[in-house]
1. Straight distance only, please: which lysines reach the Cα of residue 373 with their own Cα at less than 25 Å, same-chain residues fewer than 8 apart left out?
2. Going from the alpha-carbon gyration tensor of the chain, what semi-axes, largest first and in whole Å, does one get by taking the root of 5 times each eigenvalue?
3. How big is the Cα convex hull of segment 50-93 in projection, averaged over all directions, in nm²?
4. Search the structure for amide H atoms under 5 Å from the amide H of residue 299, placed 1.01 Å from N in the peptide plane, and list their residues when 5 or more places away or on another chain.
5. Output wanted: per-residue J couplings in Hz (rounded whole) for segment 330-344, from phi through Karplus 6.51 cos²θ - 1.76 cosθ + 1.60, θ = phi - 60°, x for Gly and Pro.
6. When a/c reaches 1.5 or more, the comparison of a/b and b/c decides; with that in mind, is segment 297-405 rounded, prolate or oblate per its Cα gyration tensor?
7. Between residue 283 and residue 307, how many nm apart are label points set 7 Å from Cα along the C-beta direction?
8. Taking chymotrypsin sites (Phe, Trp or Tyr not before Pro) as candidate sites, keep only those in a DSSP loop with at most 14 other Cβ atoms within 10 Å, then name the longest stretch of the chain containing none of them.
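We did not get these values from a lab; they are worked out from the coordinates using the rules stated. No experiment lies behind these values; they were computed from the predicted model shown. Counting neighbours? That spans all protein chains shown, and the Cβs are built from the backbone with ideal geometry, glycine included.
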Amino acid sequence: MVSPGWGVSKRVGFRFGILLGALSVLPFPIGTIPKTEWLRDLLEKPLQLAVSWFAEHALGLADPMIARTGSSDRVWDYVQLLVIAILAVLGTIGWSVIDRRRTAYPRLASAAQIALRYFVASVMLYYGFSKILKLQFPDLTPGWLDRHVGEMSPMGFLWTFMGYSRPYTVFAGIAEVVGGALLLGRRTATLGALIIVAVMTNVVVLNFCYDVSAKLYALQLLVMAVLIAAPNARRLAAAAMGFATAEIEPRPRMSPRWERTERIGKIAVLCAMACNLYVSFSRELAARNVPIHELSGTWIVDSFVADGVEHPPLTTDRERWQKVSANPTRLWLVSMTGERDGSILQVDEERRRLLLTRAGQDDGKTPETEIWKYTRTGPDHLVIDGAHLGKELHVTLHLAPEPLLVTRGFHWITDVPFVR
């Protein structure tokens, strides 16, 4: 069957969409394959130079942040999207002039759908498994639980909400993994896209409502999922209303040699995605797999002696500690005035020592390290001796009970709403 010609607007829109999508997605899958990060960075360099030049000379922006920070809402990201759109418009004009005789692009459209499906699938599988493995939203630590709700940022509050409930986080991850896996098959791609549309709509709303710094990226993924589902949207709507729908036309076929090449390429990309997930999560799980030491928890200060002078618990005393919160790798000191001071923590249980490295030093100096000794005088009591900020300390503490958020648990039957 000969494919009918497309209208002018469809051809121009398709060219623009292809260029916009390619510039946004490439050099995928390079970079997802282990040990190819250097090649990804090299291939991204021309676009980065173009964005830097445009930001400085066209917009008057001096050196927007280019470093990967985990945020997709940097000034750099918005400038990059603008540059990509401008390049896509210019490319569309040139393409339309050079290739004005061609009336349709069925094979290129099929290839673009495949590329888009695999890109969205790789992202969904990564974020889905990161939720299932509790890497994106880790369990709430004593230091995190000790913070007041009013001290949290909206994004931190959302991370607390998600980190509290492992079943809900796993459920969200499973939805992303199932949708991503379905995108990998041509016959199941539409169903996968519909699942991803539902999932990403929720993510976009959360990102905007809780000021999560991934608004732009989430919107892009949602648009991509909509585009994957769009070719069958009319058929789905007709079927939902009870109308008969025609059979899907078979995809355009190539020569046997190109069909084999395409099949090998798909298998290679799938293997690369699986390898990347394994390497990434193995590394992240190893970093997170830190044993919980015997001091983990929040400790309330009973007495505080600095250089032989005992400090009474006055709320105006910035030097005296109010409590100490110890996580597997961090320790937070909370003063009587409510100020928090964080340090990287290592606990040597055999020698009863605490090794603390002061965090948050941006002056280029070597981080300060302090070694304290501790003694357990009972199952819920602790004594700390050591030098801190030039003063010799002797501190006695007792373990605070776990907060209600952790101990409340799940109840099938609740006669009266329990809201505190």
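1. Excluding near neighbours in sequence, the set is 323, 391.
2. On the way: eigenvalues 571, 134, 78 Å².
Ellipsoid semi-axes (Å, largest first): 53, 26, 20.
3. On the way: hull surface 12.8 nm².
Reported value for the Cα convex hull: 3.2 nm².
4. Those lying under 5 Å, H to H, from residue 299 are 324, 325, 326, 400.
5. Each residue of segment 330-344 in turn: 9, 10, 10, 9, 10, 7, 5, 8, x, 6, 10, 10, x, 9, 6 Hz.
6. Working: a/c = 1.29, a/b = 1.14, b/c = 1.13.
Here segment 297-405 falls in the rounded category.
7. So the two model labels end up 4.7 nm from each other.
8. Details: sites that count: 243, 410, 412, 418.
My reading of the result: 1-242 is the longest stretch.
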